[in-house]
Each structure stands twice: as C-alpha cells, then as structure tokens.
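Structure, as structure tokens:
We did not get these values from a lab; they are worked out from the coordinates using the rules stated. Computed from a predicted model, the values in this text were never measured in an experiment. For neighbour counting, all protein chains shown are included, and Cβ atoms are generated from backbone atoms with ideal geometry for every residue, glycine included.
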Amino acid sequence: MTLTAIASVQKAILPSGYQNQLVIVDNSPVPDGVLAKQLAGKKGIKLITTLQNTGFAKGNNLGIAYGLKRGCDYFLILNNDVLVDRLFLTNLLAVLDLGFDMAVPKIYFAKGHEYHQNQYQPQDLGKVIWYAGGEFDWDNVYSRHFGINQVDHGQFNQLKQIEFANCCCLLVKKTVFKKIGLFDEKYFLYWEDGDFSVRARQAGFRIAYQPLSKIWHKNSHSSGAGSKLHDYYLTRNRLIFGFKYASLRTKFALLRESAGKLFTGRPGEKKGILDFIFHRFGKGAAL
C-alpha cells in the first residue's frame, strides 16, 4: 500500500522552482524490511523508522520536524492509503500563492472502497466524494465532510475557505507550524486534524478547499471502520476535543451522552470514555 502511494506521488508534477523530498515515516513496531529494501538507494526519499506505533500525530510530527530542521517552506501531510492526480500538488500550491496558509484537495473514495457500493452505477465508482472541504458541528461535536457519498457532478467545484482540514491530505506553510506548533500527540489517532484546524484558525491562518486538486482514499484501511480501535479513538478523542473547545452547554451534553454510553455503548466506546475520565491519553491503556 505504501509503495503504491509513493509511486503515485512520484508521478505528480511539481512546478518549476520547487524542490522536494519525500519523507516516509514507518510507524510499524515490527518492520518487515521490505519498504527499506524497496527504497534503498533512491534519491529524494528519506525513511524514518520508529520501531513502534507512535500514532498518526507523532508519526507526522517526526516527518515535520525533519523538514523544519532542513528549512522546508511547505509541508504536505499525506496518508499512505491514497492515489493522487498528477496535478494535485501543483493545484494546492497555487492556492497558497493566493494568500491561504493551508490547502486541502477534493478527496474521492478509491474505487471499491465506497461505503455503499451497491447504491452507485458501475461508472460512478471512483467518482464518489469522501471529502470536499469540511466544517464542525459545534452543537454535537462532530466534524462534517461536505459532499460525502455524493457522485461528483461538479457541484463542489468552487474554491472556498473552510473550517476543518482533513489531514488525509493537507498542504501547510511552515509559518503555521512555527506559530502554533505541531499535531497534539495526546490524540494519537483521529481528531488531531480537527484540533490542528482550530488552533490554526484561532491564530489567524486561512484554510482553502481546492477542487482542482484530486486524490483517491482507501478509507479507514488502517483501523477498520466500526472496529473496537475505531470506536475507542473516535469516542475518547471527541471528548478531548469537545472539552477543549466546545461551549459549556455542549460540554454538559457530552457528559450526559457519555454517562449513557457507559451502560449501553460498544466496548471500544466504553473504554474510550473511561480513559478520557482518567486522563489516559496517547496510545491508550488497553490498545
């Protein structure tokens, strides 16, 4: 999967005047050595091996820190379960030239990875939107993807400023990291992008959705949508985020909801609530 993503990115066109280095963070606690062998001797690629599962937040922070030390001006955060259009990076960079500080592309479900494959015509697979920009539902503490599950007919083709940047793919100016810091590692997995988006906007930075930039995402490949791990991190980290940023009224609503789920929720949800209560952050005590 990672090698496929690398091959896709390497085919992307980089505008003249730009130089790039691809930094791969191998977060596997037991590397099989295949990735290192495949990348050995290839110019322009740096492999960072952690020998432990440090989570999405810290894994990306390691790569960002590497780039900051070398004076990089732009940072592309990209999942390893994606395929990219050849002009995706060119179009993202063009948005930053317009005065935005962060930019996200239009993201489709990779063909065969749609939530509801049977609802679409065969010719529509690969054209189903996963993310066309996003916002927060502050009353319920959820992040919302514009256009999710809709076949793309051009209805989300307008460049616009947005509230929530999904870090499946995000281009960031170094000035953002310099001012607000990196990803908050206590989230470990999920909601770190929401937290980063809020901190960036609070600091006066602007996030753009660029529909001309396109990628395809194999959704929830690493954690498995609906799994105990998925339930755990979404539940716990939503509480971390909500109690950091939501209104007092919404915090009380989260408390009531969590109290009920301690009795009726799924195992991962219950564990997530308990770990939030006892401030067990990061990777999580039981996972």
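Mean residue ellipticity, 222 nm, helices only, the chain: the sum of -39500 (n - 2.57) across DSSP H runs of n ≥ 4, divided by residue count and rounded to 500, is -11000 deg cm²/dmol. Going by alpha carbons, how many degrees (0 to 90, nearest 10) lie between the helix axis of 267-277 and the longest principal axis of the chain? Approximately 80 degrees, to the nearest 10. Selection among Q155, G112, L171 by position relative to the dipole of the range 2-217 gives L171 as farthest towards the positive end (Cβ unit charges, Cα centre). Can you list the HN-Hα couplings for the range 260-266, worked out from phi with the Karplus curve (6.51, -1.76, 1.60; θ = phi - 60°), rounded to whole Hz and with x for Gly and Pro? For the range 260-266, the Karplus curve yields x, 6, 4, 9, 10, x, 6 Hz. When DSSP beta bridges are restricted to pairs lying wholly in the range 2-217, around 60% turn out antiparallel. For the chain, the longest principal axis of the alpha carbon atoms and the long axis of helix 55-69 meet at an angle near 40°. Ignoring aspartates and glutamates fewer than eight residues from K283 along the same chain, the ones with Cα atoms less than 19 angstrom from its Cα are D26, D184, E185, E192, D193, D195, D231, E269, D275. In percent, rounded to a whole number, the relative contact order of the chain is 21, using alpha-carbon pairs under 8 Å and six or more apart. With K and R counted +1 and D and E -1, the other residues having a Cβ less than 14 Å from that of V95 yield a net charge of +3. Given springs between every Cα pair under 10 Å in a Gaussian network model of the chain, which of S143, S16, S227 has the largest fluctuation? Maximum among the listed residues: S16. Taken about its Cα centre, the range 60-148 carries a charge dipole of roughly 340 debye when the Cβ of each Lys and Arg holds +1 and the Cβ of each Asp and Glu holds -1.
Listing I45, I277, I129 from fewest to most neighbouring C-beta atoms within 10 Å gives I277, I45, I129.
Ordering W138, W191 by the number of other Cβ atoms within 10 Å of each residue's own Cβ, fewest first, gives W138, W191. Look at I148, I207 and count the other Cβ atoms within 10 Å of each Cβ; fewest to most, that gives I148, I207.
Rank G17, G41, G112 by mean-square fluctuation in a GNM of the chain with C-alpha springs under 10 angstrom and give only the top-ranked residue. Most flexible of the set in this elastic network: G17. Within a straight-line Cα-Cα reach of under 12 Å, K251 can be paired with the following aspartates and glutamates, leaving aside sequence neighbours fewer than 8 residues apart in one chain: D139. Note on the chain: with a GNM built from Cα contacts shorter than 10 Å, the maximum mean-square fluctuation among D275, D193, D101 falls on D275.
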